[in-house]
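J.: What follows is a single structure, and I will ask about it in a moment.
No lab work stands behind these numbers, since they all come straight from the coordinates. A quick note: this is a predicted structure, and the numbers were derived from the prediction, not measured. Reconstructed Cβ throughout: ideal geometry from the backbone, glycine too, with neighbour counts over all protein chains shown.
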Amino acid sequence: MRYVLFLVLSFFGCLSSSFATSSCTPGGICMSLHDQSNPWDTIDPNHAVLHGSVHVYLIFYGEWNYDGTLAGYTDPRINLLQNFIGDLNGSSWIAPVASYYDAAGAAATNLYFAGAIFDGAGNGTPTPGSQGNTLNNTTIINVLKRALTTTSDVRMDYSHTQLPTEDNAIYVIVGHHEVVANLEGETYGGSSATHCGVHYNSKYFDTTSANASYSSSWTLINNTNVKFIYVADPDTSSSLCEFFYSAGQPTPNGDKGGDALTNILAHELVESITDPVFYSVDDQNNYPYPTLEFGGWQDNTNQAEIADYCMQLPYPNTHYINNNTNNAPYTLNVGSHYYFLQGIYQAVGGPCIY
Ligand SMILES: [Zn+2]
């Protein structure tokens with residue numbers, strides 16, 4: 001679900017389904033696996049979550065600084081996010097995801113950083129991303145198509161190549177600060193942002209709003225339903241996307257926006273793993289599905305996914321890097337790396353663990 005703070009009430013009911021695997025806290029939140037009762041349903045319950053080793057690819061979009069002398073992209077967030085994906089793998093933080101099985105009994109077991117490319121560059125003469133500084137429903141798919149079908153973009157080793165197209169992977173588009181994305185009626189990045197990050201799948205993503213023959217416009221890229229995340233620069237909408245740091249508070253990696261990005265990305269990654277394929281709200285208007293249809297794990301009553309209930313402060317497992325509450329908070333430490341992350345709702349028994 002789109003990343004934005006919302007409050008959790010204590011008396012949500014639970015829908016029941018003869019098919020779904022579900023677990024509910026008494027009188028409370030109910031997470032359940034995809035319910036196939038919808039007669040228009042085309043989502044495969046045996047692939048309702050991403051399985052086994054999940055590859056994560058990063059697409060850095062926009063004017064990420066390129067240093068001609070060093071012949072490389074230099075923004076510290078590039079290494080931060082790359083390391084972060086590796087650090088999440090096998091961590092206590094992501095462990096709850098292993099309990100989110102699909103109908104085939106399979107769950108994700110590993111997270112693997114599999115590559116990165118750059119679409120755009122910043123230096124003395126900035127080169128905007130290929131689709132310009134404002135992305136929409138059509139052009140964000142163009143970013144993915146370009147990354148997966150051309151050799152136009154710059155790979156992390158600074159050769160030009162395309163990324164592999166994989167069904168069991170997540171492609172993360174990381175917008176530079178000048179980029180604003182308007183996707184299915186919401187805004188990511190900039191002072192008018194309504195949300196901070198989002199995950200989608202290309203097949204059920206509405207590239208042609210109000211298209212009556214929507215099914216004919218379903219987007220497969222290299223014959224694959226591509227799962228993707230968009231995250232904006234949190235510094236451009238700080239009150240919305242950096243709310244978990246108080247003013248002037250140090251952050252674990254000394255970059256408030258980069259540290260906020262790790263938290264927002266973590267949220268979208270676990271939701272993309274456990275609910276990779278769904279029809280979005282806007283699709284309902286353009287295609288005859290009677291309800292919003294989630295393909296994986298969600299709370300049917302509130303149309304919330306597994307990270308949506310665990311965003312608000314406080315994060316109970318908070319520690320401080322120098323054991324001093326004036327210092328940077330963290331909830332996950334892997335080697336010399338520290339991250340301050342929200343919780344994940346547990347599939348069995350709930351509630352959030354951190
Ligand atoms: Zn969410």
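J.: Is region 143-261 rounded, prolate or oblate when judged by the Cα gyration tensor, a ≥ b ≥ c being the square roots of its eigenvalues, rounded requiring a/c under 1.5 and prolate requiring a/b larger than b/c? Spell out each step's value before the answer.
T.: Values: a/c = 2.59, a/b = 1.46, b/c = 1.78.
Because a/c hits 1.5 or more and a/b fails to exceed b/c, region 143-261 counts as oblate.
J.: Counting other Cβ atoms within 10 Å, which chymotrypsin sites (Phe, Trp or Tyr not before Pro) in region 103-143 have at most 16 and lie in a DSSP loop? Display every interim value, and only then the final one.
T.: Values: sites: Tyr112, Phe113, Phe118; in loops: none.
Hits after loop and neighbour filter: nothing returned.
J.: Here is a further query. For Asn110 and Thr69 in the same chain, what is the full-extension length gain: residue separation times 0.36 nm, less their Cα-Cα distance, in nm?
T.: Values: separation 41, 0.36 × 41 = 14.76 nm, distance 3.68 nm.
Here the segment from Asn110 to Thr69 would lengthen by 11.1 nm.
J.: To continue, here is another question. Return the distance in nm (one decimal) between the two label points of a simple spin-label model at Ala95 and Asn223, each offset 7 Å from Cα along Cα→Cβ.
T.: Placing both labels 7 Å along Cα→Cβ, they lie 4.1 nm apart.
J.: Determine how many Å³ per residue the convex hull of the Cα atoms of region 57-296 encloses.
T.: Values: hull volume 32.7 nm³, N = 240.
So the per-residue Cα hull volume is 136 Å³.
J.: Work from the charge dipole of region 137-202 (Cβ charges, +1 for Lys and Arg, -1 for Asp and Glu, about the Cα centre) and give the residue of Asn201, Asn168, Thr150 farthest towards its positive end.
T.: The Cα lying farthest towards the positive end belongs to Thr150.
J.: Assign unit charges at the C-beta atoms only (+1 for Lys and Arg, -1 for Asp and Glu), then state the dipole size of region 57-296 relative to its Cα centre in Debye, rounded to the nearest 20. Walk me through the numbers before you get to the answer.
T.: Details: 7 positive and 25 negative charges, 66 e Å.
So the magnitude is around 320 debye.
J.: Under 1.5 on a/c is rounded, so check that first for region 214-256, then, if it is not, pick prolate when a/b is larger than b/c and oblate when it is not; a ≥ b ≥ c are the square roots of the alpha carbon gyration tensor eigenvalues. If you can, show how the numbers build up before the last one.
T.: On the way: a/c = 5.62, a/b = 3.09, b/c = 1.82.
It comes out prolate by the Cα gyration axes.
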